[in-house]
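> The structure is given below, and queries will be raised subsequently.
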Amino acid sequence: MPADLLRQVWGFDGFRPGQQEIVESVAAGRDVLAIMPTGGGKSLCYQLPALMREGVTVVISPLIALMRDQVRSLREAGVAAGALTSGNTEEESDEVFAALRDGSLRLLYMAPERLASGATVPMLRRAGITAIAVDEAHCVSQWGHDFRPDYLRVGELRRALGVPLAAFTATADAETRDEIVARLFDGRAPQVFLRGFDRPNIHLAFQPKDGPRRQIMDFARARRGQSGIVYCATRARTETLSAALNAENIAAVAYHGGMEADQRREVEARFQREDGLIVTATVAFGMGIDKPDIRWVAHSDLPKSIEAYYQEIGRAGRDGAPAETLTLYGPDDIRLRRTQIDEGLAPAERKEADHARLNALLGLAEAISCRRQHLLGYFGETAAPCGNCDLCDTPPEIFDATQPVRMALSAILRTGEWFGQGHVIDVLLGNATEKVTARGHDQLPTFGVGKAVPKGEWQAILRQMLGRDLIRPDPERHGGLRITAAAHPVLRGEEAVMLRRDLIRRAKPAAVIRTQVSDEDAPLLSALKAKRRALAEAQRVPAYVIFPDRTLIE
Ligand code: ADP
Ligand code: MG
Ligand code: ZN
């Protein structure tokens, strides 16, 4: 019977992975917590059971726009659905109340804020509600970025009505799951469905930052005419990036929380409607977007956690056709994200959990084999190498980096764990800079021990060490690097560290200016830099200034 309804009402040929079991369980009146990826088809998992059961199902949903869309398409399919939201006209609300009274309504959508009114629960009790569905149930989590205080009232509603509750979310981590169970089900275990996390049509790729603007532009240029999203860490970057794209006649528009609500709605509508538009956005862009043919999602900066990453890339390719992603990351991102966690208001144990989620994402970024295996492993699923990620496409070169890693750790320790990456590398390379000599670091036994390794490789090693959480910037020491407990076995010689040779492939310089000046010659240096910029701009290719000692100025 559910399969018949699926065809008659929705016109779908079959269930998506995981849907059928959830539908049957919800229809049977069990308490359910279902975790499915974005685009997995959660709405159907409460809409269809509502038609199989007697009475009315109340749906708690966080966004008016989402509710309106769902009510509209249910009505078009002939299902009696209605919504009570602050956006209703009086007639619309009267119509809903009338349908409730005469028993014809099957689905009643409601924003959680409604529950704050004392009149709502008695009204629902009279209305013959037989089930509650909670969409985007992670909004009940106080630590999540989507927290909505009124979601906490849903537990009271369930208690007052004494009906089964089904909660839906795409947020998969165990902590959020526990919080949903505690707050919505009073800790009584619901039946949990956690599956279908793989989105095999989405190609996964990461790149270390190496001129991030150019990397994103190249990616977008190669996909001209396709709809895509670029997630940026700052509002300013959304603006500069969309301007740069438009300058090349690639239609792009910025979106961020600092824009007026109607401007934001306009961007959302344009994106939905127009083919091939790019939205450069902060994470504010997303929850209300239901566009099946987004062909790519790029991150110009590292997301804040593996969950955020998965949710954001999950907006691509909901139609099941091939979609691509690119995530850029660099030491500055890692520093920024660590600082955001450390300087946030959360209690200490929460901060540790956030660091762990960031570590999971960094582990994925610095993975040395199939990314999908890592990603699904994090969500508790096992998989074979996928053949649809950058590391399956081109297996990276791995090397035993135990020796250089130990050198770097000891340079960090010997300089008192007070310095950033640049200084540590100067010590390793034996560069007697002013800062190095002023602190006597040219007298250390580690001074110059890493001479044989080129600077670019040290940068890659330190970045991967940050990614492995062997070292961390300490906010109390202006971001000076400290070693973590994870580094101790490496220092004691009990653990080896395998790292990737850097994936950076520098474009060949089109022109090289050779010169005899020393770094200290500031005026000449800045003249050279200006010349390099002019050259790079005129020829639209990278250009570098290379000094006799092989230092390179970009
Ligand atoms: P979620 O809430 O999990 O992100 P939605 O409920 O919005 O996902 O569904 C995503 C898209 O998948 C919608 O366009 C929906 O119509 C479609 N969909 C859901 N179930 C099926 C199905 N069984 N067959 C085909 N399309 C489906
Ligand atoms: Mg949904
Ligand atoms: Zn793979």
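Bear in mind these aren't lab numbers, they're just calculated from the coordinates by the rules spelled out. It should be emphasised that the depicted structure is a prediction, and the values quoted were computed from it without experimental measurement. Heads up, the Cβs are rebuilt from the backbone with ideal geometry, glycines too, and the neighbour counts pull from every protein chain shown.
> Under a Cβ-only charge scheme (Lys and Arg +1, Asp and Glu -1), can you give me the dipole magnitude of the chain about the Cα centre, in debye to the nearest 20?
980 debye
> Specify the angular offset, from 0 to 90 degrees and rounded to the nearest 10, of the alpha carbon long axis of helix 348-365 from the longest principal axis of the alpha carbons in the chain.
Orientation of helix 348-365: about 70 degrees from the principal axis.
> I'd like the FRET efficiency for Asn246 and Glu397, computed as 1/(1 + (r/R0)^6) with the beta carbon distance as r and R0 of 45 Å, rounded to 0.05.
Numbers: r = 38 Å, r/R0 = 0.85.
So the FRET efficiency works out to roughly 0.70.
> Moving on to the next point. When the dipole is taken about the Cα centre of the range 163-281, and only Lys, Arg (+1) and Asp, Glu (-1) are charged at their Cβ, what size is it in debye, to the nearest 20?
280 debye
> Next question, about the same structure. Can you give the net charge of the other residues whose Cβ lies under 9 Å from the Cβ of Leu361, counting K and R as +1 and D and E as -1?
On the way: positive: Lys304, Arg337, Arg357; negative: Glu307.
With Lys, Arg at +1 and Asp, Glu at -1, the neighbours total +2.
> Of the trypsin sites (Lys or Arg not before Pro) in the range 218-268, which ones lie in a loop per DSSP and count no more than 14 other C-beta atoms within 10 Å?
Arg224
> Quickly work out the Lys451-to-Arg221 label distance, labels modelled 7 Å from Cα along the C-beta direction, and quote it in nm with one decimal.
About 4.1 nm separates the two model spin labels.
> For the range 300-414, rounded, prolate or oblate, judged on the Cα gyration tensor with a ≥ b ≥ c (square roots of eigenvalues), a/c < 1.5 rounded, else prolate if a/b > b/c?
oblate
> Moving on to the next point. Would you mind putting 91-99, 313-321 in packing order, based on average other-beta-carbon counts within 10 Å, highest first? Walk me through the numbers on the way to the answer.
Numbers: 91-99: 14.3, 313-321: 20.3.
Listed from highest to lowest mean packing, they are 313-321, 91-99.
> Something else now. Residue separation times 0.36 nm, minus the C-alpha to C-alpha distance between Asp146 and Gln263: what's the value?
Here the segment from Asp146 to Gln263 would lengthen by 40.0 nm.
> What full-extension length gain, to one decimal in nm, is calculated for Arg414 and Glu156 as 0.36 nm per residue of separation minus the Cα-Cα distance?
Computed gain between Arg414 and Glu156 is 87.1 nm.
> Once the Cβ-Cβ distance between Thr437 and Leu491 is put in as r, and R0 is 30 Å, what FRET efficiency do you end up with, to the nearest 0.05?
With R0 = 30 Å, the Cβ-Cβ based efficiency is 0.65.
> For Thr240, what is the net charge nearby, where nearby means another residue's Cβ is under 15 Å from its Cβ and Lys, Arg count +1, Asp, Glu -1?
The answer is +1.
> Can you show me the helix-derived [θ] at 222 nm for the chain, built from DSSP H runs with n ≥ 4 at -39,500 (n - 2.57) apiece and divided by the number of residues, rounded to the nearest 500.
After summing the helix terms and dividing by residue count, I get -12000 deg cm²/dmol.
> With unit charges on the beta carbons (Lys and Arg positive, Asp and Glu negative) and the dipole taken about the Cα centre of the range 89-128, which residue among Leu124, Leu108, Phe97 sits farthest to the positive side?
Of the candidates, Leu124 comes out farthest on the positive side.
> In the range 269-395, if the dipole is taken from +1 on Lys/Arg beta carbons and -1 on Asp/Glu beta carbons about the Cα centre, which of Gln311, Leu362, Ala384 is farthest to the positive end?
My answer, from the dipole projection, is Gln311.
> Now, a different point. Between Arg214 and Glu54, 0.36 nm times their residue separation minus their Cα-Cα distance comes to what?
Computed gain between Arg214 and Glu54 is 51.8 nm.
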